Amino acid sequence: MSITDWPELERPREKLLSRGAASLSDAELLAIFLRTGTQGLTAVDVSRRLLKQFGSLNSLMHASQPEFCQGHGLGKAKYAQLQAVLEMARRYLHENIRHKNALNTPDDTKQFLKSKLAHQQREVFACLYLDTKHHVLAFEELFFGTIDGASVHPREVVKGALANNAAAVIFAHNHPSGNPTPSQADIQITHQLIEALKLIDIRVLDHLIIGSGDASSLAELGHI
């Protein structure tokens, strides 16, 4: 049976327009992106197969081009479309947090940092530089490592904060393993950075650890 033969409010596109995007399942959202199915399969059927193949929507969206194009019904055109969608989401989130108070919108900040770092295959340590009202001045990726870790140098962090005339900062780095639980090394380097920046009167508001689907806040965990 074709999706057009389904009851109207069960069709993904009509359901989105009637109830909002949040009401759709991962498969239904993906089906709207795919637009069409294949012979004998609706777009929703294809979406369910893809989610089973890749394990999750997050894994599918962050798959490499060769991995993505191996999926049933996918190819270079769909990969290009998906990358455009992801980049638009990143730019929207970036623009959003630049015009909002970061402390009043922690979810926006987490979503933005996840969009920047969750797909990285190696550890990346980054910083959001904030002004006195905690609006975002800039985002910068500072250090890069292997999947085993990244070396973070307090001197370079201080230089970046001064260069951006920051009054406060939020740190973030990803765990390529997907587990956002902070390590003792994460906590230790955070304390070192707090002490280094305290000398120049710059506050560390948080350090977020980005996993594959979630983020941990050292501030919320009581380490800052």
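The values are calculated or read from the model by the stated rules, or taken from the named source; none is laboratory data. Model, not experiment: these values are computed from the prediction. Reconstructed Cβ throughout: ideal geometry from the backbone, glycine too, with neighbour counts over all protein chains shown. Note: accessible area is taken over every heavy atom of the protein model, side chains too, but ligands, DNA and RNA are not part of it. Shrake-Rupley method; radii C 1.70, N 1.55, O 1.52, S 1.80 Å.
The number of residues in the stretch 150-193 that are surrounded by fewer than 19 Cβ atoms within 10 Å (Cβ to Cβ), among the β-branched types (Val, Ile, Thr) and closer than 17 Å to residue 209 by Cα comes to 2. Within the stretch 143-197, the only residue that satisfies the criterion of being more than 23 Å from the chain's Cα centre (by Cα), closer than 19 Å to residue 124 by Cβ and of a type in the set (Asp, Glu) is 156.
Yes/no matrix, rows are residues, columns are (1) touching a Leu at 6+ places or on another chain (Cβ under 8 Å); (2) at pLDDT below 80; (3) open to solvent by less than 60 Å² (accessible area, probe 1.4 Å):
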residue	(1), (2), (3)
22	no, no, no
37	no, yes, yes
45	no, no, yes
49	yes, no, no
52	no, no, no
85	no, no, no
103	yes, yes, no
114	no, no, yes
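Does the stretch 194-211 include one or more residues that are part of a loop (DSSP other than H, G, I, E, B) and either of a type in the set (Phe, Trp, Tyr) or modelled with pLDDT under 90 (or both)? Checking the stretch 194-211: at least one residue is part of a loop (DSSP other than H, G, I, E, B) and either of a type in the set (Phe, Trp, Tyr) or modelled with pLDDT under 90 (or both).
For the stretch 121-134, a residue qualifies if it is farther than 12 Å from residue 165 by Cβ and more than 19 Å from the chain's Cα centre (by Cα), and the qualifying residues are 133, 134. Test residue 222 against the stated conditions and say whether it is without any contact (Cβ under 8 Å) to a residue 40 or more places away in the chain, touching a Gly at 6+ places or on another chain (Cβ under 6 Å) and not β-branched (Val, Ile, Thr). Judged against the criteria, residue 222 is not a match. Taken over the stretch 132-146, residues that are open to solvent by 40 Å² or more (accessible area, probe 1.4 Å), outside any strand (DSSP E or B) and not hydroxyl-bearing (Ser, Thr, Tyr) amount to 2.
Scanning the stretch 1-19 for residues that are of a type in the set (A, V, I, L, M, F, W, C) and at pLDDT 85 or above, which turns out most open to solvent (accessible area, probe 1.4 Å)?
First pass over the stretch 1-19, keeping only residues of a type in the set (A, V, I, L, M, F, W, C): 1, 3, 6, 9, 16-17.
Narrowing the set further to residues that are at pLDDT 85 or above leaves 16-17.
On the way: 16: 56, 17: 138 Å².
It comes out as 17.
Scanning the stretch 60-85 for residues that are under 22 Å from the mean Cα position of the chain (by Cα), farther than 12 Å from residue 119 by Cβ and of a type in the set (S, T, N, Q) returns 65, 81.
Return the only residue of 28, 95, 67 being open to solvent by 50 Å² or more (accessible area, probe 1.4 Å), modelled with pLDDT of 85 or more and not aliphatic (A, V, I, L, M). If you could, list the steps in order and put the result at the bottom.
Working: 28 fails: open to solvent by 50 Å² or more (accessible area, probe 1.4 Å); 95 fails: modelled with pLDDT of 85 or more.
Residue meeting the stated conditions: 67.
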